[in-house]
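A quick write-up on the structure given underneath.
The values are calculated or read from the model by the stated rules, or taken from the named source; none is laboratory data. From a predicted model like this one, the values you see are computed outputs, not experimental measurements. Cβ atoms come from the backbone with ideal geometry, glycine included; neighbour counts cover every protein chain shown. Note: areas computed on protein heavy atoms with side chains; ligands, DNA, RNA excluded. Shrake-Rupley method; radii C 1.70, N 1.55, O 1.52, S 1.80 Å.
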Amino acid sequence: MSIIRLSLILILVNCLAMTVAHADAFVVSEIKIEGLQRIPDGTLLNYMPIVVGDPIDDNQITYAISELYKTGFFADIQLFRDGDILLVRVKERPSIADVEFTGNSDIDDDALKDALVNIGVTRGQIYNRSLLEKLTLELENVYFSQGKYGVKINTEVTDLDQNRVDIDITISEGQVALIKHINIVGNEAYDDETLLDELESGVPSAWALFSSADEYSKPKLNGDLEKIRSYYLDRGYIRFTIESTQVSITPDKQDIYITVNVSEGDRYKISSSKLTGDLVVNRQTMESQIFTRQGMYFSRSLMTSSKKRLEDQMGRIGYAFSEVKVTPDIDDERKEVSLTYFAIPGEKVYVRRIDIYGNDSTQDQVFRREMRLMEGSILASDLLERSKTRIQRLPYVETVSVDTAPVPGSSNQVDLKVKVEEKLAGSFNIGAGFSQTQGLIFNVGLTQENLFGTGKRLALNVNTDRANTIYSGAYTNPYYTIDGISRTVSVSFRDRDATEELINNFQTNSGDLNISYGIPLSEFNTLSLGYGFSYIKIIPSTINPSVDVTLFLAENDGRTRFNSFTLNTSFSHDTRNRTVFANAGSQQTVGINMTVPGSDLEYYKINYVTNTYIGVTSATTLLLRSNLAYGDGYGKTRALPFFERYFAGGIRTVRGFESNSLGPRDPVSGFAVGGNLRVTGGADYIFPIPFVEKPPSSLRLSLFLDIGNVYLNNFHTFDAEPGDNGFQVDQLRSSYGASLVWISPIGPLRFSYAETINDVPGDDLRAFQFSIGSFF
């Protein structure tokens, strides 16, 4: 066999040497190149082991051809002698013009092309037939990692002009292999059921028709193995290890069986948690950030959280790149672990410059005034995060990222790179719609949240439905003063037919002019102060007039026109991360609106609103909400005027009940008359649209529970016993269901389906409710 190999090598060497016309040695006076199309002459000469002036013979020729073939650039190489001139004639390999995929749906083109870059299959690279096998193997590995072991890949190469080729890849993805069983071996402290409940992978319950838990993928399995490891490490098993994992697939490549072998080890307690190092923050404050305490079972998550809290504590005073090293000292004999947190603050870091990118429509100063860091200030980590949140809350910002870039040549300075992605801030709408409560709707509106790129807001709207015709305008300057005091001027005119809203039988013409100021008291607290003027003209019905309207006019000597000067104030505590579709933080607002003493009508209204957002998972949120409102008359006005009362029922208060139908009713018409006390609340479990890889940010789905009602002094709700006036707990109505909200170009659209919980005969029910182009 060795003789045969030696013979083949000699034949190859001779063939290479024969590419030169004559084997006599000579000194190269010049090198000429033929056949290059894309590759520069200099590139070939760099790889060529022969230069002008070299004496060459058969050995140098053979070596030169071998070196040029190694580059992979050439399909054919020939060397000739023309006197003392060395002629190099080559044929380049074709380049890849494009790589096209067909048949792939689960993995997009970009992800597949990224995988091929690793093996040199990308546009502009040299094509080599040997790459096709690597290409197929690489793509198969990508699909195998997603559990698609039945994938089939076919490649076709098409020759193009200019020595180029197209590679067309046809993929038959097949079905995902399904997990039939996961077996955990070696666990004694916790049974299989407890551990399997922690995993994302598994065999779903029979009722979970749309579950993807049984779809195997390698990344998901790796994540599940880490969850098992974390489960033990957070419960004291510091020596826990996963010894091996076996994944078996049936011959038809449809079913997966997984076996995980674990070694639990013993359970360890914390003997001590010590803090050492350079303490730039006082020890008591730093030690309060440590969650791991003596006598507790060891927990990796608490240790990691303590480490981060210590680093954040130093970061708040400018040590942005501080580090805390945690050293566990394990005593296997006593089954204890001693933790030492070593603080390394490093240098205090300062902001040299703040650069803002992506603001094509908005002036720089609009974003800079939201920053809680300035050029020259220390880089405080909490202020950096708050700056990001404040920019994200702006209604014309889609996303924002803030990166810190070290300044070259300086160890304690950084530049802040603020990159914003803007969204449309203005709209001009002409639309029509239909609402169950308001009938046919027509609206014309101009809204600009970012007027001329200044961050100011202008809104002009005309809205009509069967019950209302409203003309309104508002102008807000969020930075009326340099200190961040805002000012809003608003005006509105409204013609209202309450009968069409299924409430009291009357009509009104009214107008309002208001000026209000928002005064920031702190980062999260705002005080609002305002004043205004309002007028209203009451037009009582001549057919079956409401008792409320008749009594009100009688008490006011038959007057139907009333002018009032108004004052309003509110206090708000707002930590939400967004103003629209928040998923973290809370908002609490208490407000008072009243007419000035001496006005034609003297009354006041108090309201308290809370919204608390609690993250349940990374993609879902629990919203807890409440809304309490109370109003009454004072001075010469005996009670809250009937046209200022509160109503409940419908898509914005208690879904499942007809809009404005809850509470006391007129004894003659049977219409709801509203109340001077409204109590509503509930909870929403908010989740993304299922089966969509990247749900749109303008849509929100939720499951909800609503509760509430309205009450009137000296008047009972329609089904209460006479004398049971005012607030009665047993009169609260409740419902549950599902809701969808879409922030559309014509305004928020809401759809809900609800089932009532404690309705009584006589309640007006409406399971499916929607409002399109309505007022929110």
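What to note about this one:
- Distance (nanometres) between label positions extended 7 Å along Cα→Cβ at residue 82 and residue 569: 9.9
- Tensor-based shape of region 310-403 (alpha-carbon gyration tensor, a/c under 1.5 rounded, otherwise prolate or oblate): prolate
- Given a 1.4 Å probe and the protein chains as shown, residue 659 ends up with an accessible area of around 20 Å².
- Rounded to the nearest 10 degrees, the angle from helix 218-233 to the longest Cα principal axis of the chain is 70 degrees.
- FRET efficiency, residue 618 to residue 401 (Cβ-Cβ, R0 22 Å, nearest 0.05): 0.75
- Summary value for the chain: 5 percent relative contact order, contacts being C-alpha pairs under 8 angstrom separated by 6+ residues.
- Counting every C-alpha pair in region 240-322, the share spaced more than 21 angstrom apart comes to 54%.
- Chain lengthening between residue 705 and residue 196 when straightened (0.36 nm per residue, less Cα-Cα): 180.1 nm
- When the surface is traced with a 1.4 Å probe over the full set of protein chains, residue 281 keeps roughly 20 Å² accessible.
- Point-to-point label distance, residue 248-residue 45, nm (Cα→Cβ direction, 7 Å offset): 6.5
- For region 434-555, the fraction of C-alpha pairs farther apart than 25 angstrom is 44 percent.
- Amide H within-cut-off set for residue 26, under 5 Å, with H built and near neighbours excluded: 56
- The C-alpha atoms of the chain define a longest principal axis, and helix 130-145 lies at about 30 degrees to it.
- Potential lengthening of the chain between residue 475 and residue 368 amounts to 36.3 nm, from the contour at 0.36 nm per residue minus the alpha-carbon distance.
- Rounded, prolate or oblate (a/c below 1.5 giving rounded, otherwise prolate when a/b exceeds b/c) for region 519-566 by Cα gyration tensor: prolate
- Tail fraction, Cα-Cα pairs, region 109-175, threshold 19 Å, whole percent: 31
- Spherically averaged projected area in nm², based on the convex hull that wraps the Cα atoms of the chain: 51.4
- Centroid-to-centroid, using Cα positions, region 343-414 and region 449-502 are 33 Å apart.
- With Cα atoms, 0 to 90° folded angle of helix 58-70 axis to the chain main axis: 10
- Cα→Cβ-extended label distance, 7 Å offset, between residue 70 and residue 522, nm: 7.1
- FRET efficiency, 1/(1 + (r/R0)^6) with R0 35 Å, evaluated for residue 157 and residue 27 via beta carbons: 0.20
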